[in-house]
Amino acid sequence: MNATSQDRLSSRSRGRWTLIALFALFFGAMALAGVLRFSGWQPTAHRNAGQLLQPPVDLRQRPPLLADGQVYPWNPDARTWRILVAPSAGCTSECVTLSQGLGKVWQLFGHNADNVEILWLGTPPAEVQGLPALRALRDQPALRSALPAVDDAAGTPVYVIDPNGFVIMRYAPGFDMAGLRKDLATLLKLK
C-alpha cells in the first residue's frame with residue numbers, strides 16, 4: 001500500500017468514528033431526556049408550588065352563593081382566576097395572617113390584579129374586608145365537601161380556581177405565599 005491509500009483509509013476511519021460519535025451523542029441525549037421525562041423529573045423553574053389536582057374539581061354544578069345570597073357568577077369570558085380560602089370554624093389568628101398575606105399577593109399582581117379574586121368561604125377577618133378583590137361566600141356544606149382535603153388538621157388550605165369554575169390547585173396549610181404568587185403569575189399569562 002502506498003501512502004495515498006493509507007491516507008484514504010485513515011480518512012474513512014476518522015469519518016466513520018465521527019459519524020458514530022454524532023449518532024451516540026444524538027441518541028444518548030434523546031435516551032437521557034426520555035429517562036428524565038418518564039421518571040417525573042422537572043426543572044425547578046417549572047414546578048408548581050401547589051398541588052395540581054388530577055382530575056380538577058368541577059364547581060360549575062355547585063355555584064357558590066355570595067354572603068348576600070346571590071349566586072357567584074363564574075363568567076369565563078372575563079378570564080378571572082380565583083383564590084379560594086376555606087377556613088375551619090375555629091380559625092382566628094391564622095386566618096388573619098393568611099388574609100393579610102393573600103392581600104399582599106393580590107396587590108403584587110399590579111395591572112393583572114383585576115384578573116384575580118379572593119373568595120372567602122364564611123366571614124373573612126375584619127383586617128381584610130376592605131380588600132377590593134375579596135368576595136365573601138356563604139359557608140355551604142356542599143361546596144366545602146367538594147374541596148379536596150378541606151378539613152386539614154394542620155390548618156387552612158387554599159385553592160386556585162380557573163376562570164371556568166374548576167378547582168385546579170391546592171395549597172397545604174402553611175404554604176409559601178411566594179409560590180402561590182409565582183403559580184398564579186404563570187396562569188395569568190395563559191389567555
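Results, tabulated for the structure shown:
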read-out: Helix-only CD estimate at 222 nm, as mean residue ellipticity for the chain, using -39500 (n - 2.57) per DSSP H run (n ≥ 4); value: -12500 deg cm²/dmol
read-out: Alpha-carbon spread of the chain, three principal axes, descending order, Å; value: 99, 35, 31
read-out: Computed magnitude of the charge dipole of the chain (debye, nearest 20; Cβ of K, R +1, Cβ of D, E -1); value: 1120
read-out: Range of Cα positions in the stretch 127-183 per principal axis (Å), largest first; value: 27, 27, 24
read-out: Share of Cα-Cα pairs in the stretch 45-126 lying beyond 23 Å, as whole percent; value: 32
read-out: Heavy-atom accessible surface of the chain: percent carbon and sulfur, 1.4 Å; value: 57
read-out: Whole-Å distance, taken between Cα centres, linking the stretch 100-139 and the stretch 26-41; value: 42
read-out: Potential lengthening between N164 and S39 on full extension [0.36 nm per residue; Cα-Cα distance subtracted]; value: 41.8 nm
read-out: Whole-number Å³ per residue for the convex hull built on Cα positions in the stretch 82-158; value: 89
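The values are calculated or read from the model by the stated rules, or taken from the named source; none is laboratory data. None of these values were measured; they are calculated from a predicted model. Cβ sites come from the backbone with ideal geometry, for glycine too, and all protein chains shown count toward neighbours. Areas reflect the complete protein model, heavy atoms only, side chains present, ligands, DNA and RNA absent. Shrake-Rupley method; radii C 1.70, N 1.55, O 1.52, S 1.80 Å.
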